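Q: Take a look at the following structure, please.
The values are calculated or read from the model by the stated rules, or taken from the named source; none is laboratory data. Predicted model only: the values in this text are computed from it and were never measured. For neighbour counting, all protein chains shown are included, and Cβ atoms are generated from backbone atoms with ideal geometry for every residue, glycine included.
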Amino acid sequence: MKAFFVQRFLPTLLLAVTCTAPTWAQSIPQARPVPQEDTVSLAIPEGFVARGPIHRVLVDPTSLSYAHLASANAILFQEDYGSFALVVVDERRVGGLDGLKSMELSIVDELTLVNLNGYLLDGNDPIATRRATASIPADLRAPDAPPADGDSRLKIVQFVGPVKDAWLDALRATGAFVVTYVPNDAYVVKADPIANAALARLSAQPFVLSTWDYAPAFKLRPELRPPFLVDSAAYAVVVQVIADAEGAAFASSLAARAIEVRGEPESVLDYLNVTLVLDGANVAELARDPHVFAIEPVSVKVKLDERQGQIMAGNLDATGTQPGNAAYMTWLASKGFPGQNPFPFAVDVTDDGVDRGSNTDVNTEFKVDGLSTGASRLVYNNNYTSDALADGRAGHGNINASIIFGNNTSTGTAAEDANGYQYGLGIAPWVKVGNSKVFANSGAGQFNQPTTTRLANAYNGGARISSNSWGATSGTTYDTDSQAHDRVVRDALSGTAGNQEMTIVFAAGNSGSAASTVHPPGTAKNIITVGASENFRMTGSDGCGIANTGADNAKDIISFSSRGPTSDSRKKPEIMAPGTHIQGAASRATGYDGTGVCNQFWPAGQTLYAWSSGTSHSTPAISGACALFRQYETNNGRAAPSPAMTKAALIASSTYMTGVGANDTLWSNNQGFGRVNLGLAFDAAARIRVDQSQVLGATGGTYSVSGNIASASSPFRVALAWTDAPGATTGNAFVNNLDLEVTLNGTLYRGNVFSGANSIAAGTADTRNNTECVFFPAGTTGSFTITVRGTNIAGDGVPGNADTTDQDFALLAYNATTAAPTPDFTIGATPASQTITVGGSTTYTVTTAALNGFTGNVTLAASPALSGVTYSFSANPVVAGGSSVLTVTTTAAVAASTQTITITGTSAALSHATSVQLVINPPAGANAVKTFTAAPNAAIPDNSTTGVTNTIAVANSLTVSSIAVETVITHTFKGDLVVTLTGPDGTSAMLHNRTGGSTDNVTTTFSIATAAAQALTVFNGKNTAGNWSLRVQDLAAADTGTFNSWKLTFNGEASASPAVAIPDNNTTGVTSTLNFAQSGLVASVKVKVGITHTFQGDLEVALIAPDGTTVLLHNRTGAGTDNINTEYPDLTAPNQTLSTLVGKSITGAWKLRVRDLAAADTGTFNSWTVSFTAQ
């Protein structure tokens, strides 16, 4: 795609160190995971279970599972945490691994493993660790000699299990400087000789599993280690200097080593990140220096519609594949927006420039209410590039800003499409935007400023959300930029009291569809990473090569959307939004060239709008959704939500996707938790909200809330998200581990244990991700207890207080209440569908069920009111829990059709509905569209009057109103052939009579595409029942061929000759209607059009189905060519595919609309024919 991502590096790795293990661990069989060579992460797979009989488990010490372990003498070691215990067990005492897995516990064998840039250390197995690190080059090993006076060393201390505050206090008491937590259960510390001696004594404590030297090799990404590291070569790197008392001076000294210094040092957590160009010798030398924690290569950053809005709002048609109407602004108003105009905050767009680089001279759509008199909503332009102006000549940042906050209320073809959907209407048309320009007009990324400085400036400019459609082109690691963004989510202004939080949104990237293609900084934990689903805008291929097939179904994931997981096996993305064929404002900058979008201007003939495809454009849509959610919360009297609550709310309201690339198990590395659904996010369902008001201060801490599912008609969902402490850049990034547990009607469900779209019981707790969910479908009822468990509180999740190991969280329970459950009822009906003929009747059984002590009566009603149809119930009302039989009776006045019958049950203020299908077929002899096929695949005798005949037996007794015959005959020199159709009564018509000369094949449809030699109307009024035959004769010598197949359709064709003038330059145009009384479902559609009009490029021709589905046949193409006399799709490919109409009912009013959308040329809509085949 033109529009998105960064060159990262990705060669191989190796592995390395001395370690000690406690005596109890040495006395039992060791778990030895096999080291994996030449891989970037060596991440432990999900559900990892160590080889051998000895396992670590987390279990509730008050549970039956724990009692069983104890009574079987299976417990070898135990560490208590209050709400749970870490237990080392022997599986052989409880029936093996299957026996262990059958218990209500979590196997956590991975807790002994530490991954450092691919070197896999096992604190429980010194031999495995030595084997894994044997390949470390001598000059990148830790020194054997003890530290001399004044020298410091870096060490790793691993505890026996999840971290306890007392253990960390003991570690600090040694005098060592604690640099960072590294999973699992370990810390890197910097120790002088005195602290080093104290650490040696600490290692004898029973709570210490192992200690290692932090070798220089552990600091280096694989691509910065031999053989890739060459002394004389130059490398652009980020050096993470430990920010202790010596850190600032050491960081300043690095300039003397550098070939080039790039920007100022960036302070992030306990590091000073210095970006330099160094030779290989200095890279290795710095790796050996104890002031340095890590060194990584610099990545070169690159850049990565109302229809979109309506899909995100969940306002789809019955198929769920496309938006249902062009009324996004009306929908927003129904949800209470704007509330404040403009919103009192901004969304930062970090990208190339926006519009003309001014916050006063802006596009009208960027002003309040989209009015030329409105104040600008573009509130700042921070230009970090070498460009003189903050303008957007490439258009990437401009279209992304437009997707967030564009406000287009104009009408006419320049501002809206053929169905009335507005171009340039953003997701949050009242929010403000600020621009941080980091990509020059040349396209080059210029990231010479610290991430934290850039985002602090944005926060000070009013931004509370940051939208980022850029990233790296390779690598799946957690790097310094990922780390910095994680920190800013919690606090954008580190020097200011309190935590100034910012929601940060990143594009997943356009490197799909392969796994592990989400690149930094999209690999960060606390951000929201966005993948791309399909939009619904089938107006041809865009300039990035995305065809109509990439924008024809909202249920599909587009192939280019990047997939997870990250290198440490965390899931990505979190959520999806439409990202194909997205319309937005074109930049008005002088010199605008459209190199940042797929098409500089689209549709043709205007310069207001561009269109583009990529996760670059799904990302600002989610940023706009975040803005709407923030304002929605304040509109409803609640505090502005935290980034964690914003993430939880969007995820809890998402729609599970079932189309191409989806239909998998959540949390999916393809679709995340599904496509955003703001309709669910803003509905009136009861919710339980906990937004960072609870803090777990130590491992073992818990928070619980109990309640009831509020309504059986909605799904029940629980989402937990937390802003984790930023992780280390040398391996696994996770720090604090919270676990979500939902006990529903006595059954335990753990976070992120799914099958398909819904949660399943049992399973293992998620140790990696800082978002966990439990989802249940509509129809679920009962009481629940939600528990948030602090399984490992190892880092400072809530900076700024006295506790350095703590974690708050956001918890959202949708369709949940702590109040006593409201008495309610459900209603259902069987069977789902019945079929009758006109004049017949049928029945459905309607059942009700009482919930939560409901005792009322339920009054039943059926709709809609249909001419010739009556409804009656055997019992009405029914007592709660009772049933009734619905009888549907028809008369001869009813039209053959397929109807959806809605059955509504009402009791006082309560009302619920269900629906069934009723198929009404025409009576015998009545008209219906019927299609029959045959495939004789027979050779045609050469120069023979006999020819070859194939017969279709038709059992249906119908009256013929039209006949269409589709033939597939392969034969050289079709002028030899005669093709004749004969009906049951002997009536015949010659379809083809030796025309066409030397042209090959008779593959066509008579008579819409090719006029029959003799009129097919000769069959009108005949009965269809009996044998219909098609004879093919070759009446000349030499050329031969095959009668492959034929298709015979009755009553599917109709014509009209409106002969009306087409209004010039008029958006209303002229419409002709064909009313089909015939029944049937569409299998295929052909349309023949006769229009005389100079300059056909003025014209738009649209076929409109009875349900409103619109297909553009001709969309202002052909330029100065005159007239449209053709048949779609055989002779001319339609602008939009006619396959959209497959499966729709044939019955009803079919319309052809012709519009002249430009001045001067005029013409006449003469005639049209539509021809269906039926399923």
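Q: When you scan the range 111-203 for helices (runs of 4 or more DSSP H) that lie fully inside it, which ones turn up with 3 or more residues that are at pLDDT below 95 and under 30 Å from Ser567 (Cβ atoms)?
A: It comes to 126-132.
Q: Could you identify the single residue in Val362, Val349 that is under 22 Å from His581 (Cβ atoms), modelled with pLDDT of 95 or more and either part of a loop (DSSP other than H, G, I, E, B) or in contact with a helix residue (DSSP H, G or I) (Cβ under 7 Å, 6 or more places away or on another chain) (or both)?
A: Testing whether each residue is under 22 Å from His581 (Cβ atoms), modelled with pLDDT of 95 or more and either part of a loop (DSSP other than H, G, I, E, B) or in contact with a helix residue (DSSP H, G or I) (Cβ under 7 Å, 6 or more places away or on another chain) (or both) leaves just Val349.
Q: Out of all the residues in the range 1154-1175, which are surrounded by fewer than 20 Cβ atoms within 10 Å (Cβ to Cβ) and assigned to a strand (DSSP E or B)?
A: Residues satisfying the conditions are Thr1164, Asn1166, Ser1167.
Q: Hey, among Ala1012, Ala1037, Ala1083, which residue is of a type in the set (A, V, I, L, M, F, W, C) and not assigned by TED's automatic domain parsing to the domain that holds Asn956? Spell out how you get there, then give the answer.
A: Numbers: Ala1012 fails: not assigned by TED's automatic domain parsing to the domain that holds Asn956; Ala1037 fails: not assigned by TED's automatic domain parsing to the domain that holds Asn956.
The unique qualifying residue is Ala1083.
Q: With the requirement that a residue be of a type outside the set (A, V, I, L, M, F, W, C) and part of a loop (DSSP other than H, G, I, E, B), what does the range 547-562 give you?
A: Correct list: Asn553, Lys555, Asp556, Ser559, Ser561, Ser562.
Yes or no, residue by residue, for (1) within 23 Å of Arg307 (Cα to Cα); (2) not in a helix (DSSP H, G or I):
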| site | (1), (2) |
| --- | --- |
| Pro344 | no, yes |
| Arg356 | no, yes |
| Thr373 | no, yes |
| Val379 | no, yes |
| Asp387 | no, yes |
| Ala394 | no, yes |
| Ile399 | yes, no |
| Ser402 | yes, no |
| Asn407 | yes, yes |
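Q: Looking at the range 821-867 only, could you name the residues that are of a type in the set (Val, Ile, Thr) and within 17 Å of Gly881 (Cα to Cα)?
A: Matches in the range 821-867: Thr822, Thr826, Ile827, Thr830, Thr845, Val846, Thr847, Thr848, Thr855, Val858, Thr859.
Q: Name the residue, out of His971, His992, that is closer than 21 Å to Glu1127 by Cα, buried (at least 19 other Cβ atoms within 10 Å of the Cβ) and modelled with pLDDT of 90 or more.
A: The unique qualifying residue is His992.
Q: Quick check on my filter: what residues within the range 234-265 are over 41 Å from the mean Cα position of the chain (by Cα) and either hydroxyl-bearing (Ser, Thr, Tyr) or not assigned by TED's automatic domain parsing to the domain that holds Gly280 (or both)?
A: Selection gives Ser252, Ser253.
Q: Please enumerate the residues belonging to the range 667-680 that are farther than 12 Å from Pro573 by Cβ and surrounded by 23 or more Cβ atoms within 10 Å (Cβ to Cβ).
A: Asn677, Leu678
Q: If a residue has to be crowded, with 24+ Cβ neighbours inside 10 Å and more than 26 Å from the chain's Cα centre (by Cα) to count, how many in the range 566-591 make the cut?
A: Number of matching residues: 1.
Q: So Val1111 passes all but one of these: (1) surrounded by 17 or more Cβ atoms within 10 Å (Cβ to Cβ); (2) closer than 30 Å to Thr898 by Cβ; (3) among the hydrophobic types (A, V, I, L, M, F, W, C); (4) at pLDDT below 90. Which condition number does it fail?
A: The one condition Val1111 does not meet is (4).
Q: Taking the range 303-338 as the region of interest, how many residues are aromatic (Phe, Trp, Tyr) and buried (at least 24 other Cβ atoms within 10 Å of the Cβ)?
A: Step one: filter the range 303-338 for residues aromatic (Phe, Trp, Tyr), giving 328, 331, 337.
Remaining after also requiring buried (at least 24 other Cβ atoms within 10 Å of the Cβ): 328.
Residues that pass the stated criteria total 1.
Residue-wise test of (1) in a strand (DSSP E or B); (2) surrounded by fewer than 21 Cβ atoms within 10 Å (Cβ to Cβ); (3) at pLDDT 95 or above.
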{"site": "Leu738", "(1), (2), (3)": "yes, no, yes"}
{"site": "Asn752", "(1), (2), (3)": "no, no, yes"}
{"site": "Cys773", "(1), (2), (3)": "yes, no, yes"}
{"site": "Thr780", "(1), (2), (3)": "no, yes, no"}
{"site": "Phe784", "(1), (2), (3)": "yes, no, no"}
{"site": "Arg789", "(1), (2), (3)": "yes, no, yes"}
{"site": "Ala802", "(1), (2), (3)": "no, yes, no"}
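Q: If you don't mind, there's one more thing I want to ask. State yes or no: is Ala757 assigned by TED's automatic domain parsing to the domain that holds Gly782, among the small types (Gly, Ala, Ser) and in contact with a Lys or Arg (Cβ under 8 Å, 6 or more places away or on another chain)? Talk me through it step by step, then tell me what you get.
A: Values: assigned by TED's automatic domain parsing to the domain that holds Gly782: yes; among the small types (Gly, Ala, Ser): yes; in contact with a Lys or Arg (Cβ under 8 Å, 6 or more places away or on another chain): no.
So Ala757 fails the test.
Q: While we're on this one: From the list Ser1139, Ser1079, which one is crowded, with 22+ Cβ neighbours inside 10 Å, among the small types (Gly, Ala, Ser) and out of contact with any Phe, Trp or Tyr (no Cβ under 8 Å at 6 or more places or on another chain)?
A: Result of the check over Ser1139, Ser1079: Ser1079.
Q: Right, something else. Taking Asn282, is it on the phi < 0 side of the Ramachandran plot, out of contact with any helix residue (DSSP H, G or I) (no Cβ under 8 Å at 6 or more places or on another chain) and surrounded by 17 or more Cβ atoms within 10 Å (Cβ to Cβ)?
A: yes
Q: Shifting gears a bit: Can you pull out every residue in the range 454-476 that is buried (at least 24 other Cβ atoms within 10 Å of the Cβ), assigned to a loop (DSSP other than H, G, I, E, B) and modelled with pLDDT of 95 or more?
A: Ser469
Q: Inspect the range 268-275 for any residue being modelled with pLDDT of 95 or more, β-branched (Val, Ile, Thr) and over 37 Å from the mean Cα position of the chain (by Cα) and give the result as yes or no.
A: no
Q: Mind telling me which of the residues Leu650, Leu680 ends up being farther than 23 Å from Asp486 by Cα, under 24 Å from the mean Cα position of the chain (by Cα), not in a loop (DSSP other than H, G, I, E, B) and not charged (D, E, K, R)?
A: Leu680
Q: Condition (residue is part of a strand (DSSP E or B), touching a Gly at 6+ places or on another chain (Cβ under 9 Å) and either modelled with pLDDT under 95 or among the small types (Gly, Ala, Ser) (or both)) applied to the range 612-630: is it met by at least one residue?
A: There is at least one residue in the range 612-630 that is part of a strand (DSSP E or B), touching a Gly at 6+ places or on another chain (Cβ under 9 Å) and either modelled with pLDDT under 95 or among the small types (Gly, Ala, Ser) (or both).
Q: I've got another one for you. Identify, from the list Thr496, Thr529, Thr517, the residue that is in a loop (DSSP other than H, G, I, E, B), crowded, with 20+ Cβ neighbours inside 10 Å and either within 21 Å of the chain's Cα centre (by Cα) or not charged (D, E, K, R) (or both).
A: Just one listed residue meets the conditions, Thr517.
Q: Out of Thr1117, Thr1132, I need the residue that is closer than 20 Å to Arg537 by Cβ and either assigned by TED's automatic domain parsing to the domain that holds Thr1003 or in a loop (DSSP other than H, G, I, E, B) (or both). Which one?
A: Criteria check complete, one pass: Thr1117.
Q: What are the residues in the range 371-381 that are surrounded by 18 or more Cβ atoms within 10 Å (Cβ to Cβ) and in contact with a helix residue (DSSP H, G or I) (Cβ under 6 Å, 6 or more places away or on another chain), if any?
A: Once the filter is applied, which keeps residues that are surrounded by 18 or more Cβ atoms within 10 Å (Cβ to Cβ) and in contact with a helix residue (DSSP H, G or I) (Cβ under 6 Å, 6 or more places away or on another chain), the range 371-381 yields Arg377, Leu378.
Q: Right, another one. Can you tell me which residues in the range 80-110 are closer than 15 Å to Gly790 by Cβ and either crowded, with 18+ Cβ neighbours inside 10 Å or of a type outside the set (Asp, Glu) (or both)?
A: Listed by number, the residues that qualify are Tyr81, Gly82, Ser83, Phe84, Ala85, Leu86, Ser106, Val108.
Q: Quick one: in the range 370-397, which of the residues that are closer than 11 Å to Asp352 by Cβ and of a type in the set (D, E, K, R) is farthest from the chain's Cα centre (by Cα)?
A: For the range 370-397, the residue satisfying everything is Asp387.
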